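Since the structure comes first, as structure tokens, the remarks are kept for the end.
The values are calculated or read from the model by the stated rules, or taken from the named source; none is laboratory data. Note that the structure is a prediction, hence the values are computed from the model and not measured. Here the Cβ is made from the backbone with ideal geometry for all residues, glycine too, and neighbour counts use every protein chain on show.
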Amino acid sequence: MDIICLASSSQANAYIIRNEVDTLLVECGLDFKTLKTRMLKERIVLSRLSAVAVTHHHGDHSRSSDKVSLFAPLIASKETLANIKVARGAEFPATEWQPITLPTFTIIPFAVDHDCEGAFGFIINDTLNKDSLLFINDTKFVKYDFSNHQFDHIMIECNHNDEILDRADVRTQRTAKAHMSLETVKLTLSKMNLSKTKAIYLMHLSDSNSDQERMIKEVQELTGKPTYVCLKDGGVASGAIY
């Protein structure tokens with residue numbers, strides 16, 4: 001299973017999950033021209049997409065939904081589909097915990113706690129390579145117990161550091177209520193079985209309320225796993241091995 005970050009921030013999110021057979025776009029929050037350009041840099045063409053999965057309807061996750069759904073079915077909750085533009089016939093309504101099967105990927109949606117209806121996270125199983133991925137973007141916390149699951153890869157929102165937040169700012173207050181902090185990420189990971197985990201990817205960092213180096217360092221020290229930050233303009237950053 002290959003993981004490619006095309007964009008990760010409060011402005012835009014887009015990630016590629018692929019193997020030798022399937023290419024899945026998770027989130028399409030970039031404008032369509034930029035999305036195409038960044039995909040082409042990775043030698044990925046839209047016509048090769050197996051599907052597009054969108055966690056929720058906010059623009060930084062769904063901006064290009066109308067265009068990308070011309071090339072592949074768009075998987076999302078019925079609430080999300082009702083609030084975004086999708087090409088006719090490309091809507092694929094997802095139901096919590098009901099698997100969606102591609103040739104070599106199985107996608108299992110589950111509800112997350114965000115400030116909109118129908119927000120999902122995804123478990124993505126690669127049946128070809130026997131890999132599994134937990135994908136959790138915008139949410140205040142993880143409400144399900146994943147301690148009995150083992151994931152090869154974990155992609156999880158790590159939006160802010162609590163002590164950096166300016167709580168006098170209204171927008172910052174929303175951030176604190178709707179997005180995961182480093183402290184919450186660490187608590188979540190500490191309850192999970194990471195014995196099989198190969199890497200952890202931190203997503204959706206706030207431009208002004210996060211400390212990238214500290215986030216990598218503390219998650220890596222806690223888990224003993226290689227930890228990466230998904231970058232605003234694509235790609236990932238890593239830290240020293242602690």
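Restricting attention to segment 9-42, the residues that are hydrophobic (A, V, I, L, M, F, W, C), part of a strand (DSSP E or B) and either closer than 17 Å to Gly121 by Cβ or free of Cβ contacts under 8 Å to residues at least 24 places away in the same chain (or both) add up to 6. Considering segment 94-104, the residues that are of a type in the set (A, V, I, L, M, F, W, C) and closer than 20 Å to Phe146 by Cα include one that is surrounded by the most Cβ atoms within 10 Å (Cβ to Cβ), namely Ile100.
Within segment 143-176, the set of residues being outside any loop (DSSP other than H, G, I, E, B) and aromatic (Phe, Trp, Tyr) is empty.
The single condition from (1) over 17 Å from Asp66 (Cα atoms); (2) in contact (Cβ under 8 Å) with a residue 24 or more places away in the chain; (3) surrounded by fewer than 20 Cβ atoms within 10 Å (Cβ to Cβ) that Ser47 fails is (1).
In segment 56-74, of all residues being in contact with a helix residue (DSSP H, G or I) (Cβ under 9 Å, 6 or more places away or on another chain) and outside any helix (DSSP H, G or I), the one that is surrounded by the fewest Cβ atoms within 10 Å (Cβ to Cβ) corresponds to Leu70. Has segment 11-19 got any residue that is surrounded by 22 or more Cβ atoms within 10 Å (Cβ to Cβ), closer than 24 Å to Ala176 by Cα and either in contact with a Pro (Cβ under 6 Å, 6 or more places away or on another chain) or of a type in the set (D, E, K, R) (or both)? Taking every residue of segment 11-19 in turn, none turns out to be surrounded by 22 or more Cβ atoms within 10 Å (Cβ to Cβ), closer than 24 Å to Ala176 by Cα and either in contact with a Pro (Cβ under 6 Å, 6 or more places away or on another chain) or of a type in the set (D, E, K, R) (or both). On the given criteria, is Lys140 out of contact with any strand residue (DSSP E or B) (no Cβ under 8 Å at 6 or more places or on another chain) and part of a loop (DSSP other than H, G, I, E, B)? So Lys140 passes the test. Evaluate segment 157-171: report whether one residue or more is surrounded by 14 or more Cβ atoms within 10 Å (Cβ to Cβ), more than 22 Å from Ala7 (Cβ to Cβ), under 15 Å from the mean Cα position of the chain (by Cα) and at pLDDT 90 or above. Taking every residue of segment 157-171 in turn, none turns out to be surrounded by 14 or more Cβ atoms within 10 Å (Cβ to Cβ), more than 22 Å from Ala7 (Cβ to Cβ), under 15 Å from the mean Cα position of the chain (by Cα) and at pLDDT 90 or above.
I want to confirm something. Restricting to segment 172-199 and keeping residues that are under 23 Å from Ile124 (Cα atoms), among the hydroxyl-bearing types (Ser, Thr, Tyr) and more than 18 Å from the chain's Cα centre (by Cα), which single residue is surrounded by the fewest Cβ atoms within 10 Å (Cβ to Cβ)? Going through the qualifying residues, I end up with Ser195.
Which residues, taken from segment 203-242, are within 20 Å of Arg38 (Cα to Cα) and not in a loop (DSSP other than H, G, I, E, B)? The answer is Met203, Tyr228, Val229, Cys230, Val236, Ala237.
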